[in-house]
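K.L.:
Let me give you the structure first, and then I'll get to my questions.
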Amino acid sequence: MKAEGKVVVVGAGLMGTGIAHGFAVAGSPVLLVDTNEDQRRKATGQIAKLLDDGVARGKLEAASAASAKARITTAAAIDQQAADAALLVETATEDLAIKHSILRAAAAALPADALLATNTSALSVSEIAAAIDQPSRVIGMHFFNPVPKMKLVEIIKGLETDAESLATAIEWVKRIGKDHIVVNEAPGFTTSRMSALMGNQAMCMLAEGVASAEDIDKAMRLAFNHPMGPLELGDLTGWDTRLRVLQYLHTVLGEAFRPSPLILKMVKAGRHGRKVGRGVYDYDEEGVRIPGSGLKVN
């Protein structure tokens with residue numbers, strides 16, 4: 001098992017796009033897999049913009065940006081292009097059946113010594129790994145959004161993750177300039193457990209009329225020096241994703257994680273967050289918040 005070579009990233013959403021960008025900049029060939037052709041096209045455009053912005057800010061040489069763009073290819077499925085890959089990172093929706101399907105396809109297509117990683121933010125790595133005959137090579141690599149800016153990767157050991165897989169995952173994380181923590185699998189790991197609870201309580205306070213959304217977020221930014229408030233973060237993460245995490249944690253950890261009814265209403269109304277232009281706040285086509293707009297609950 002080695003921390004060099006081709007990387008397969010499954011899922012061309014926000015997380016997959018950021019992860020693919022990170023590995024390409026670090027010098028790895030990247031195969032970005034998504035069944036949706038429009039999503040693949042959008043992702044490569046976003047990566048190109050990130051690289052061009054890096055050049056404009058003086059953070060990246062133009063030649064390096066061009067090389068990174070050339071390292072990225074796309075595909076609709078995990079196919080023969082993945083036959084020489086050393087790492088797979090899946091970033092699919094938090095649905096165990098979907099993740100099992102991806103892991104089985106990866107186990108069949110990638111070399112037997114490739115590391116298989118899941119970017120799940122809450123599901124059991126052990127349960128995901130149970131889909132294949134070699135669960136020892138499955139590990140959690142939980143990146144944070146926006147990936148190019150966030151320094152941490154949470155590395156999660158499943159029940160059968162072996163020492164070689166852990167060491168290789170750490171080397172991959174160092175290769176792309178990130179720091180890490182190692183977590184023995186537990187529901188919600190460390191970050192998702194804390195973040196989900198904070199975001200859920202913020203939504204409860206909003207629904208109760210304790211304070212406005214702007215003031216709840218302002219309190220966390222100014223009193224605790226958080227870069228963004230919990231409602232802003234929920235919009236960035238996606239309330240549909242946050243709801244699935246909370247539902248899972250509520251099942252395994254109890255009443256403290258029961259989703260706020262307001263989150264349920266928002267998801268049913270299609271207010272999933274920044275990715276669709278509407279969440280607690282409203283956003284323009286560039287993802288910039290529209291002043292004075294947003295959810296009114298009182």
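Rule-based calculations on the coordinates, nothing more; no lab input. Keep in mind it's a predicted model, so treat the numbers as computed, not measured. Using ideal geometry, Cβ is built from the backbone for each residue, glycine included, and neighbour counts are taken over all protein chains shown.
K.L.:
Sorting E171, E37 on the 10 Å Cβ count, fewest up front, what's the list?
P.N.:
Working: E171 14, E37 11.
Lowest to highest Cβ neighbour count: E37, E171.
K.L.:
Stokes-Einstein diffusion coefficient for the range 143-298 at 4 °C in a medium of 1.567 mPa s, Rh from the Kirkwood formula over Cα pairs: what value in µm²/s?
P.N.:
Rounded, D is 77 µm²/s.
K.L.:
Next question, about the same structure. Of all the Cα-Cα pairs you can form in the range 6-184, what percent are over 25 Å apart?
P.N.:
On the way: 4182 of 15931 pairs.
Within the range 6-184, distances greater than 25 Å cover 26 percent of Cα pairs.
K.L.:
Mind checking which of T237, T35, T120 has the largest fluctuation in a GNM of the chain, springs on alpha carbons under 10 Å?
P.N.:
Highest fluctuation among the options: T35.
K.L.:
Would you mind ranking E285, E160 by Cβ crowding within 10 Å, fewest neighbours first?
P.N.:
Least crowded to most crowded, the residues run E285, E160.
K.L.:
Of G209, G11, G188, which has the largest mean-square fluctuation in a 10 Å C-alpha GNM of the chain?
P.N.:
Ranking G209, G11, G188 by mean-square fluctuation puts G209 first.
K.L.:
Moving on. Please check the chain for the longest run free of trypsin sites (Lys or Arg not before Pro) that are loop-located per DSSP (anything but H, G, I, E, B) and have at most 13 other Cβ atoms within 10 Å.
P.N.:
152-295
K.L.:
Cα-based Rg of the range 191-276 per 2.2 N^0.38 Å, rounded to two decimals?
P.N.:
1.01
K.L.:
Under 21 Å between alpha carbons, and skipping anything fewer than 8 positions from K99 in its own chain: which lysines qualify?
P.N.:
By straight Cα distance, K99 reaches K6, K157.
K.L.:
Ranked by Cβ crowding within 10 angstrom, fewest neighbours first, how are L116, L264, L206 ordered?
P.N.:
Ordered from fewest to most neighbouring Cβ atoms within 10 Å, L116, L264, L206 come out as L264, L206, L116.
K.L.:
Also, quick follow-up: Roughly what % of DSSP beta bridges within the chain run antiparallel, to the nearest 5?
P.N.:
For the chain, the DSSP antiparallel bridge percentage is about 20.
K.L.:
Still on this model: Starting from the Cα of M194, step 7 Å along the direction of its Cβ; do the same at E286; then give the gap between the two resulting points in nm.
P.N.:
3.3 nm
K.L.:
Quick one: dipole size for the chain, taken about the Cα centre, charges +1 on Lys/Arg Cβ and -1 on Asp/Glu Cβ, in debye to the nearest 20.
P.N.:
520 debye
K.L.:
Relative contact order of the range 6-184: what whole-number percent is it, with Cα pairs under 8 angstrom and at least 6 residues apart?
P.N.:
Over the range 6-184, the number comes to 21 percent.
K.L.:
Across the range 31-130, how large is the tail of the calculated P(r) beyond 23 Å, expressed as a percent of all Cα pairs? All intermediate terms of the calculation are to be shown ahead of the outcome.
P.N.:
Numbers: 1864 of 4950 pairs.
For the range 31-130, the fraction of Cα-Cα distances above 23 Å is 38 percent.
K.L.:
Moving on to the next point. Looking at the range 208-298, which chymotrypsin sites (Phe, Trp or Tyr not before Pro) are in a loop (DSSP not H, G, I, E or B) and have at most 15 other Cβ atoms within 10 Å?
P.N.:
Sites meeting the loop and neighbour criteria: none at all.
K.L.:
Just grab the label-to-label distance for K59 and A108, each label 7 Å out from Cα along the Cβ direction, in nm (one decimal).
P.N.:
The modelled label-to-label distance comes out at 3.9 nm.
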